[in-house]
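Derivation of every value follows stated rules applied to the coordinates shown; laboratory data play no part. The shown structure was predicted, so the numbers you read here are calculated from the model rather than taken from an experiment. All Cβ positions, glycine included, derive from the backbone under ideal geometry; neighbour counts span all protein chains shown.
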Amino acid sequence: MTAPLVVFFVLAALAVIGAVSLILQKHPIHSALSLIVVMIALAGLYLLLGAEFVAAVQIIVYGGAIMVLFVFVIMLLNAGIEEHTSISKMAGVPGLLLVVALAGFVAATIARSTESIQATSQTGEMASTLGISNMIFKDFVYPFELTSFLILVAVLGATVLAQREKS
Amino acid sequence: MVPTNYYVILSAVLFGLGVFAFIFKRNIITIFMSIELMLNAVNLAFVAFSQALGKLDGQVFVLFVIVVAAAEAAVGLGIIILIARNRQTLNVERVNLLKL
Amino acid sequence: MNSLLSANAELIITVVKIVLLLFIVLTVNAYLTWFERKVVAHMQSRWGPHRVGPHGLLQPLADGVKFLFKEDPTPAGADKFVYYLAPLLALALALTGLALIPFGPDPIRLFGHDIYLGIAPPDVNIGILALFAITAMGVYGVALAGWSSNSKYPLLGGLRSSAQMISYELALTMSVVGVLLMAGSFNLKKIIEAQALHPEWGLFGWNVWPQILGFFCFFIAAVAETNRVPFDLPEAESELVAGFHTEYASFKFAMFFIAEYTSMITVSCLCSIMFFGGWLSPFPASWTFAHYLPSAILIPFGLWVIWDGIRYETLFGRIILPGLGTAFVAMGAAFVLLPDVNDFIQAPFWLLSKILVFLFVYVWMRGTLPRFRYDQLMAFGWKLLLPLSIVNVIVTSFVILAKMTWWGAK
């Protein structure tokens, strides 16, 4: 049981517990807090994989901006405890079976795959940030500019959608 | 060294949990959060394969996924606010005006 | 026992450093409150705390005891888990930010292990990005505190405060990009080394001269981020009854308090490291007599404390103050007599003095400036500060590109 393996199991357990807690909690704000725990656990896993820039961006953007947006909306809309009707309980049982089948199938296929990919030690020669910035601004510069356009469209859309009615 | 299989199995489990939350929960905002959980699971698989293959393409794609998820969350939450204002409820079963 | 110790030496060293840093930071926080009350009082032509202990030096202790023994009610209908989580989160995040700051470049060599000044190792490649990640998560403490109190003033205060923090976070991150472009790395140690390229220029090699716009944007955004005057409308007493921490009493309120002062300290550290050369001396490197400056400050200060203490009114003061003064004189004398120690403490001394100057500027602003109104605050953040920081990034990139292509070496 080497140290990276122990850290992996701790973070993986944290992520799974957070995801299960998202399902089992009754109040949306507790679900949001569980999702934040999942994101922090995933950021830890990215650090374990040597992707330090992605880990930092995950916490800053996902944990510090997107989830704050969720928490704001839950507070503003005064979301209460959610009720479960008979339809949702009926959907729960086949849903559980389906999900176990799907995830189990994927997991079993991967676990049984004979040609395991030889993991190289860290992500190679360049440091993660330098390599990523080289790729974004040289090979992927067109998608990068498109995403800035996408964000502009999203900002405009959200502003228009959330306005009050002008009556 | 943690084998890549472990990361991908964890990603599959998280994705499955996200799908189950999507089917089972009734609050619109929680359903939206399960979509974010599924996106995160996929991001984990990308980064795990990026480390296994020694190339940085996976991490660059993860950055783009995060950006797209942010834009989608902004617009989606705007729509949710509108639904909540119009139907006065956050229960997704009550938004059923188009039902037969 | 010996083999167990040496096998886990790194872990034990780190744990000891964490405990030491926690102790020092909490004490500095307590005396920062004393410092703030004294300075604001003197700016308002009054004395501030001067009865509890000599010159009011035991006032923080009295405040701490008060916080521990006060009644701690929980509002009815409050969400218990989130109510207890919010101050914990705020305090934990504020204290974690301090772990990433290096306090000196050279390690101490002890028992065959190199002990660096600062908890994180000096080669954290994403130093400043991780600090911004921790700051970004700090919004939750405020928002969740406001919401979980089940009361309208905290909810409004919490929402306004977190909206303010998010708005100024953008300007904060963009204003630092100029420094990062010039240094070429997120690593805090490399940022300081990039300012030491010309040791003969002394303080003219610091980042504040080329990045003066970035410095002002960063400092103003940081003041707004830590919810201090003049941006503290959401928690001001005359406005929203104390805002998001209205319903928090005694120790939980103390946790928010400590979190705010610790973020002040972290921001002062960041300002000094990124714009003012961190642990670099303002004097040119050839002025080696400047190495005696710590002693030149400590010895006269200690002598003055002794002289003031001998004539103090209470007996307790007449014992403690000369003792304190003697300690300062002894430290100053030790630095003069031991040149190795003197060379070692140059770096932390300069960093700590710059941090102290920034803390004084924070307190000075509190005693002097009136508050912003909330809509003025948001307009200032989005319409002035963010465009200015973006302009700073653009101009810096153009200058660096010009240096690379036309003027030869980078």
Apply the Kirkwood formula to the range A:1-81: the hydrodynamic radius equals the inverse of the mean of 1/r over all pairs of different alpha-carbon atoms; give it in Å with one decimal.
13.4
With Cα springs under 10 Å, the Gaussian network model of chain C assigns the largest mean-square fluctuation among C:179, C:142, C:336 to C:336
Estimated [θ] at 222 nm from DSSP helical runs (n ≥ 4, -39500 (n - 2.57)) normalised by residues in chain C, nearest 500:
-22000 deg cm²/dmol
Which is the longest part of chain C that has none of the GluC sites (Glu not before Pro) sitting in a DSSP loop with at most 16 other Cβ atoms within 10 Å?
C:72-236
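Would you mind giving the mean number of other chain beta-carbons within 10 Å of the Cβ of each residue in C:122-135, as a whole number?
So the per-residue partner count for this stretch is 4.
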Ignoring the sites themselves, what is the longest stretch of chain C with no chymotrypsin sites (Phe, Trp or Tyr not before Pro) in a DSSP loop and at most 10 other beta-carbon atoms within 10 Å?
C:112-405
Averaged across C:76-83, how many Cβ atoms of other chains sit within 10 Å of each residue's Cβ atom?
1
Which of A:138/B:55; B:55/C:403; B:55/C:190; C:80/C:252; C:70/C:152 have a Cα-Cα distance over 20 Å?
B:55/C:403; B:55/C:190; C:70/C:152
GNM on chain C, Cα springs under 10 Å; top mean-square fluctuation among C:266, C:135, C:326 goes to C:326
What does the charge count near residue C:135 come to, summing +1 for each Lys or Arg and -1 for each Asp or Glu among other residues with Cβ under 9 Å from its Cβ?
-2
Pop a pseudo-label 7 angstrom from the Cα along the beta-carbon direction at both residue C:382 and residue C:50 and give the gap in nm to one decimal.
4.8
The distance between the Cα centres of the range A:17-92 and the range C:153-182, in whole Å, is 22
Rounded to the nearest whole Å³, what is the per residue volume of the convex hull around the Cα atoms of chain B?
104
Vicinal HN-Hα couplings computed from phi for the range C:66-78 (Karplus, 6.51 cos²θ - 1.76 cosθ + 1.60; Hz; Gly/Pro x):
4, 4, 6, 9, 6, 6, 10, x, 10, x, 5, x, 6
If exposed means no more than 13 neighbouring beta carbons inside 10 Å and the site is in a DSSP loop, what's the longest run of chain A without any exposed GluC sites (Glu not before Pro)?
A:1-82
Return the single residue from C:224, C:334, C:145 with maximal mean-square fluctuation; model: Gaussian network over chain C, springs between Cα atoms under 10 Å.
C:334
I'd like to know which of C:207, B:3, C:150 lies farthest towards the positive end of the charge dipole of the protein assembly as shown, counting +1 on Cβ of Lys and Arg and -1 on Cβ of Asp and Glu.
C:150
Hz values of 3J(HN,Hα) by residue in the range C:358-372 - Karplus curve (6.51, -1.76, 1.60), Gly and Pro given as x
5, 5, 5, 5, 4, 5, 4, 5, 5, x, 10, 8, x, 7, 7
Grab every C-alpha pair in the protein assembly as shown, bin the distances at 20 angstrom width from 0 up to the longest one, and report whole percents.
15, 48, 31, 6, 0
For residue C:118, other-chain or 5+-apart residues with amide H closer than 5 Å (H placed, Pro excluded) are C:103
List, in order, the whole-Hz ³J(HN,Hα) value for each residue of the range B:88-94 obtained from phi through the Karplus relation with A = 6.51, B = -1.76, C = 1.60 and θ = phi - 60°; use x for Gly and Pro.
6, 8, 10, 8, 6, 7, 7
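Within the set of other residues whose C-beta is less than 14 Å from the C-beta of residue C:95, count the net charge using Lys and Arg as +1 and Asp and Glu as -1.
It works out to a net charge of 0.
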Test of the criteria: in the range B:48-100, which trypsin sites (Lys or Arg not before Pro) are in a DSSP loop and have at most 14 other Cβ atoms within 10 angstrom of their Cβ?
B:99
Please get the size of the charge dipole for the range B:4-94, origin at its Cα centre, with Cβ charges of +1 on Lys and Arg and -1 on Asp and Glu, quoted in debye to the nearest 20.
340
Number of partner chain Cβ atoms within 10 Å, mean per residue of B:76-85
6
